[in-house]
Amino acid sequence: MSPRRESTPPGNLGQGLLEPSPVTPPAPEAPPCPPPPRKAPSSEQPRTTVHKTVQEHDKGQSAEAHQWLVLAGERKKQTKQTSAKTPQKQPAPKPKIAAVKRSMEADAQNAVVYVYGTDFLPDWRLNQLPWQVKRFHDWYKEAASKGLKGIVARVPPDAFMGGESFIFIDFKDICAMFRAEKMDINLLAVWCLMQAQDALKTKQNICYLDPQRTYAGRYRVTIERNSEEYKNKTDQEVEDIRKELVENAKREMSCYIARAMLRFAKEDKSCVMAVHHVVDHYLAFMIYPSAGRIFVFDSADYELSAYQEFVNIIQDAYKYYVNQGGKHKTGYVRMAVRTKFPCQKQPKGSILCGYYCCEFLRCTNRYVSNPEDYDPSELQGPANAQSPTEIVTALQRDMCQFIRREIYHEKGNFFSPGQDMAAHPQLCKWPRDQWPETEDKIEKEKREKSDKSEKRAKSAKSAKQS
């Protein structure tokens, strides 16, 4: 132990500072305390209580119970022997959530296959769509019960500047539109027909080309080598014939676009809208011949090389347009092409290019049935649809209403009297209270009444507060 100094008393303060204090030896350690003595066990033990049974249970075993136990033991031995012989199966690993979702989606897609005469969509999905879509679906069910396979639309000569033609709309293609699947070129032609009519009603300087005459399948010719016509010819001869057919098809398309440009320029149409289909993808072209510019609206941003052939066809048409005295800028021999225009883009991996292309071709924000009843500010610009679901729903609404009003009704501007549907008058007309013009007027009257009621309620509230 280290030496411990004692404290100096206050009287000897100076002495304590000069003389060291005596060191005391360490105190001896005390011996450990002995454990407390244990008490001797007492002779008196606590008395235990024994419960007495009122009546004992007879444990005698009956013959039936003995037989049942013997049989149960034999069955247990048999199961043990069989389990020892057969190898035990390991439990299958649980699939991941992503794999389960993919399999469920694949099963759902395989299960939803169009069958003629059946519903396009289940009832719960139809109830979520606009009333125009549901009413068209009801008409389709009635038409399918009569044996009709589709609808025929008559295209007047002045619609696409290509003479009178017809568009066959198959119910299968309409079903694909209801399910947001890949859109057919015929429905795009119907959409351009609707936009051309809306532009004429609203007096806009926009015109449209026929999508059936501007898609890539027109000039991408393939020849079947095993046919009788080319069986005895060499490969070089077949290739020369194919190139000649391709050049003729491109020349025919270029002449059609050039004549349309000249005709539209005489009617003071400054913008020409066209649709091009290449490699299972739709693109919209906005052509300004007087300004010498081409704007490409592509929802997937394809490279220019994918549709360079169609751009060259437009350039050839522009040369013919300029040589024939069409209005143009001086010094513009070729048109300037703007690719990858900042427009709405489709989700990656989707097949909604046709729906986005229709959105690019809009001249109004909705289908116009009575332009005199609408505010001009509502007719300008595209629809206010941003998400893919909104774009598809708006297209379904306008397409169904246009087909119902203008194509399969006997008073429609594009009704074809020579089709099979003309034999069923109940499909081509409906009572006057269900005529689309009357429907629009009824909706307008409802809106006016609701506005008046709201104004009255506001005025009553203000009067009470005052």
### Task
Find which of Asn312, Gly326, Ile287 sits farthest along the positive direction of the dipole of segment 285-356, computed with +1 on the beta-carbon of Lys and Arg, -1 on that of Asp and Glu, about the Cα centre.
Gly326
### Task
Let me know the shape class of segment 239-336, please: from the alpha-carbon gyration tensor, a ≥ b ≥ c as square roots of the eigenvalues, rounded when a/c is under 1.5, otherwise prolate if a/b is greater than b/c, or oblate.
oblate
### Message
With an 8 Å Cα cut-off and a minimum separation of 6 or more residues, compute the relative contact order for segment 257-352 in percent.
### Response
31 percent
### Summary
Rounded to one decimal in Å, the inverse mean reciprocal Cα-Cα distance for segment 129-186, i.e. its Kirkwood radius, is 13.0 Å
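Using a Förster distance of 25 Å, how high is the FRET efficiency between Gln315 and Lys233, based on the Cβ-Cβ distance and rounded to 0.05?
Working from the Cβ atoms, E equals 0.15.
Sort Ile174, Ile185 by heavy-atom solvent-accessible area, probe 1.4 angstrom, most to least.
From most accessible down to least: Ile185, Ile174.
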#### Entry: Sorted peptide list for 328-337, 207-216, criterion being average Cβ within 10 angstrom, highest first
207-216, 328-337
### Highest to lowest packing among 406-413, 192-199, scored as the average C-beta count within 10 Å
192-199, 406-413
## Note on the structure
Taking only the alpha carbons of segment 280-333, the radius of gyration and the largest Cα-Cα distance, Dmax, both in angstrom, are 12.5, 38
#### Entry: Estimated FRET transfer efficiency (Phe166, Lys327; beta-carbon r; R0 30 Å; 0.05)
0.35
### Task
Describe numerically, in nm with one decimal, the distance between label points set 7 Å from Cα along Cα→Cβ at Glu454 and at Arg259.
5.1 nm
### Task
Compare the peptides 418-426, 314-322, 259-267 by average per-residue count of other Cβ atoms within 10 angstrom and give them in order, highest first.
314-322, 259-267, 418-426
### Net charge dipole size for segment 232-314 [Lys, Arg +1 and Asp, Glu -1 on Cβ; Debye, nearest 20]
540 debye
### Query
Where the only charges are on Cβ atoms (+1 Lys, Arg; -1 Asp, Glu), what is the dipole of segment 253-300 about its Cα centre, to the nearest 20 debye?
260 debye
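The values are calculated or read from the model by the stated rules, or taken from the named source; none is laboratory data. Fair warning: this is a prediction, and the values are worked out from it, not measured in the lab. Because the Cβ atoms are built from the backbone with ideal geometry, glycine has one as well, and the counts that use them run over all protein chains shown. We work out accessible area using only protein heavy atoms, side chains counted, and drop any ligands, DNA or RNA first. Shrake-Rupley method; radii C 1.70, N 1.55, O 1.52, S 1.80 Å.
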